[in-house]
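Report on one structure; see the data block that follows.
The values are calculated or read from the model by the stated rules, or taken from the named source; none is laboratory data. Treat the numbers as computed from the prediction; the structure is a model and nothing was measured. Neighbour counts run over all protein chains shown; Cβ positions are idealised from the backbone, glycine included. For accessibility, only protein heavy atoms count, side chains too; no ligands or nucleic acids. Shrake-Rupley method; radii C 1.70, N 1.55, O 1.52, S 1.80 Å.
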Amino acid sequence: MKEVNLFVSTFDKGEGLLPWDKVVNLSDSALLPGFSETQKRQLLSKPWNGYDDFNPNRILTATWKKDTGKWYGHDGITPLNQPLNDPANTSTNFTLPRSLTAGQNYNFAVEAVSNSGAVTKDLGQFKTLPPDSNSPFSSVSVLTHGFTLLPNQSGIPDSFFQMANKIATVSGNTPYRFTGTGDN
């Protein structure tokens, strides 16, 4: 085996897990109106092994190279640090360079390239354990309608209160409205 590529994301295959996933339609005129397809590609993607990667900031894009025995980041040049308290990273063993969110579902893909150039791919999923908690607030759902330069008079849309009430009803919790005034 001359190379191993490893990808980790909250997105699944076809949705951004892999660099060749087509998650953006550059010919869509509603996407960045006034920009050419080339300008859109340059703004929204980062090259990876000949592909326009529209999710270059996935949790991990790493490549192991046989000739050096090292793992490299998205650019294929910058070596990833070896873990301090875990076994060394090899072509068959890899410790993620950062922590993952507790209770989150993740997708991964492994692509092995043989010395003859044959490619083998494998996909999988895993879920990290949720944190232990005896608190009634072991998780929080935050709804936001985005950033608005000139907010309208009504403030938060009623649909967001309706959504918050539905989440609270299903989870057996209470919605909490932050007003920013201390009169919550």
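Here are some notes:
- In summary, the convex hull built on the alpha carbon positions of the stretch 13-53 has an orientation-averaged projected area of 2.8 nm².
- Highest to lowest packing among 44-52, 27-35, scored as the average C-beta count within 10 Å: 44-52, 27-35
- Gain on full extension, evaluated as 0.36 nm per residue between T92 and Y176 minus their Cα-Cα distance, stands at 25.6 nm.
- Label-point separation in nm, T10 to L123, each point 7 Å along Cα→Cβ: 1.9 nm
- Taking label points 7 Å from Cα along the Cα-to-Cβ direction, S135 and S114 give a separation of 5.2 nm.
- Largest accessible area first, the residues E15, E111 order themselves as E15, E111 under a 1.4 Å probe with ligands, DNA and RNA left out.
- Net charge dipole size for the stretch 20-79 [Lys, Arg +1 and Asp, Glu -1 on Cβ; Debye, nearest 20]: 220 debye
- Placing a label point 7 Å from the Cα of Y72 along the Cα-to-Cβ direction, the residues of the stretch 79-113 with a backbone N closer than 12 Å are 79-80.
- For K2, distant residues with modelled amide H under 5 Å away: V113, S114, N115
- For F35 and N57, a Förster radius of 30 Å and the Cβ-Cβ distance give a FRET efficiency of 0.90, rounded to the nearest 0.05.
- Selection from P83, S99, L18, by position along the positive dipole direction of the stretch 1-151 (Cβ): P83
- I59 exposes around 40 Å² of accessible area when a 1.4 Å probe is run over every protein chain in place.
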